[in-house]
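Following: one structure in structure tokens, then a few remarks.
The values are calculated or read from the model by the stated rules, or taken from the named source; none is laboratory data. What you see is a predicted model; the values in this text were computed from it and never measured. Here the Cβ is made from the backbone with ideal geometry for all residues, glycine too, and neighbour counts use every protein chain on show. Just the protein is used for accessible areas: all its heavy atoms, side chains included, with ligands, DNA and RNA removed. Shrake-Rupley method; radii C 1.70, N 1.55, O 1.52, S 1.80 Å.
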Amino acid sequence: MHMGQGDLLDSQDQKKSNSGKVLSPLADRMRPDSLDNYLGQTHLLAEGKPLRVALQSGNPHSMIFWGPPGVGKTTLARLIAHYAEAQFLAISAVLSGVKEIRQAIEQARQHFQIYQQTTVLFVDEVHRFNKSQQDAFLPYIEDGTILFVGATTENPSFELNNALLSRARVYLLKVLSQDELLSLLNLALEDELRGLGTEKLTIIEDDKQHLVMAADGDARKLLNLLEISVDLAEVIDGINVITSNVITQVVSGTSQRFDKGGDLFYDQISAFHKSVRGSSPDGALYWMSRMITAGCDPLYIARRLLAIASEDIGNADPRAMQISLNAWDAFERLGPKEGNRAIAQAAVYCALAPKSNAVYLAFNASMECAKESGSLEVPVHLRNAPTQLMKSLGYGDEYRYSHNEAEAFSAGQTYLPPELSDSNGQAIQFYFPQSRGLEIKLKEKIKYLQSLDNKEKE
């Protein structure tokens with residue numbers, strides 16, 4: 001457990017080695033000590049914004065910070081304690097359980113009794129706590145023992161209890177822009193008190209941009225990459241130079257944010273699906289590439305493409321289903337290098353294929369009908385009659401074998417329980433083909449067959 005009153009880093013108290021070198025990580029040293037120095041999140045913390053006003057007034061409320069790693073969730077929690085003149089306690093849901101929760105609550109209670117001062121309890125990765133662990137905070141939020149601040153990279157709507165959500169306001173923290181990260185990088189290079197200003201480093205602008213791109217919106221990652229680069233800097237004519245070769249070595253192997261199973265994973269899959277549905281081959285290729293370069297299993301994309309072929313293309317172009325299956329098969333036969341291209345080929349085909357969700361809608365409607373209509377009996381003429389008894393009961397009587405009928409169609413024969421027909425005897429219809437692709441022909445076929453049925457009834 002980490003604790004401290006208004007526990008912002010004081011650069012004068014930084015731990016140093018015997019040689020005088022600062023031991024604290026650069027990312028920790030560069031934490032801002034005021035909202036004016038806080039990087040990003042202007043949608044929440046710009047002048048006049050409600051959250052900023054609440055913090056500056058010293059009257060914050062319990063809250064949940066939702067956002068990707070390295071966007072300032074922990075730092076903002078520390079600033080809350082600073083402005084509220086409160087004790088700051090932090091626990092991680094990855095390392096803590098009910099025992100640690102109780103210890104933190106007891107420390108908060110004792111602190112209030114002694115100093116009449118509230119405690120900001122910061123819970124990192126709060127979504128990793130189970131329901132009972134989350135519930136353990138509720139009474140102490142209610143009685144004011146703690147000001148609860150949770151941080152999560154996952155969607156609170158799915159991962160946090162409603163009881164906890166009702167007692168804390170959720171704030172979405174956004175990925176830092178490249179300009180914001182570049183500002184942080186320059187500040188770290190220039191600041192002599194907290195940063196690397198005393199190192200007298202040289203780095204060209206293109207390499208700064210390379211670091212910013214590799215950080216991918218994550219301030220902590222950026223500062224860690226910079227710190228590693230400094231350790232590998234070359235001394236040239238008495239100057240510490242971070243060369244392009246060093247930057248290339250440092251950023252090699254860094255990956256984009258993906259977090260399989262998390263929100264970002266599903267957001268990118270959603271973007272891929274919607275690009276194909278929206279007939280954008282470029283969008284489909286981009287999101288597919290984003291996921292693959294970040295470590296997604298290409299076969300997951302192939303499986304999703306197969307689902308898209310059924311859900312969004314359907315009978316407008318049945319070949320999409322086969323092409324998607326072929327891509328899956330090609331990947332398993334050829335491996336990633338050539339197999340990825342096969343999946344990309346299928347993605348482009350599906351993106352440009354005619355679209356119809358008619359089967360998707362029809363199936364959903366038929367499922368709903370089946371649930372609501374109960375156990376309607378199978379019409380007698382449709383029943384199987386393998387025994388003499390069943391035949392004597394009329395099973396299969398009046399059934400007309402369509403192959404023996406004109407155009408292989410038994411005009412007027414019904415295939416649904418009579419309860420699923422309206423007062424005019426018109427049976428319910430689930431499937432309504434679209435006027436796109438092959439479904440144009442299917443729509444015409446249904447219309448023609450319905451006309452034969454109507455003639456039979458006349």
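General observations
- Residue within the stretch 340-350 that is loosely packed, with under 14 Cβ neighbours inside 10 Å and in contact (Cβ under 8 Å) with a residue 12 or more places away in the chain present: no
- All positions within the stretch 364-382 that are at pLDDT 90 or above and of a type in the set (S, T, Y): S366
- Cβ-Cβ under 7 Å pairs, at least 6 apart or on other chains, the stretch 108-137 side under 19 Å from N155 (Cβ atoms) and aromatic (F, W, Y), far side at pLDDT below 95 and part of a loop (DSSP other than H, G, I, E, B): F129/A93
- For the stretch 56-81, the set of residues classified as more than 24 Å from the chain's Cα centre (by Cα) and under 21 Å from D28 (Cβ atoms) consists of R78, L79, I80, A81, listed by residue number.
- Filter result for Q103 (open to solvent by 20 Å² or more (accessible area, probe 1.4 Å) and touching a residue at least 40 places away in the same chain (Cβ under 8 Å)): yes
- Residues being open to solvent by 10 Å² or more (accessible area, probe 1.4 Å) and in a strand (DSSP E or B) - total across the stretch 147-167: 1
- Close Cβ contacts (under 6 Å, 6 or more residues apart or on different chains) running from residues in the stretch 68-81 that are open to solvent by 10 Å² or more (accessible area, probe 1.4 Å) to residues that are of a type in the set (K, R) comprise P68/R257; T75/R31.
- Residue, surrounded by the fewest Cβ atoms within 10 Å (Cβ to Cβ), within the stretch 364-412, restricted to residues that are part of a loop (DSSP other than H, G, I, E, B) and β-branched (V, I, T): T387
- Residue check, K221 closer than 30 Å to F129 by Cβ, open to solvent by less than 60 Å² (accessible area, probe 1.4 Å) and assigned to a helix (DSSP H, G or I): yes
Residues are listed down the side, and each one gets a yes or a no for (1) among the aromatic types (F, W, Y); (2) within 19 Å of K443 (Cα to Cα):
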{"residue": "D312", "(1), (2)": "no, yes"}
{"residue": "E332", "(1), (2)": "no, no"}
{"residue": "G335", "(1), (2)": "no, no"}
{"residue": "G339", "(1), (2)": "no, no"}
{"residue": "S356", "(1), (2)": "no, yes"}
{"residue": "F363", "(1), (2)": "yes, yes"}
{"residue": "K371", "(1), (2)": "no, no"}
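- Residues located in the stretch 413-458, provided they are open to solvent by 100 Å² or more (accessible area, probe 1.4 Å), in a helix (DSSP H, G or I) and either touching a strand residue (DSSP E or B) at 6+ places or on another chain (Cβ under 6 Å) or within 27 Å of P318 (Cα to Cα) (or both): K441, E444, K445, K447
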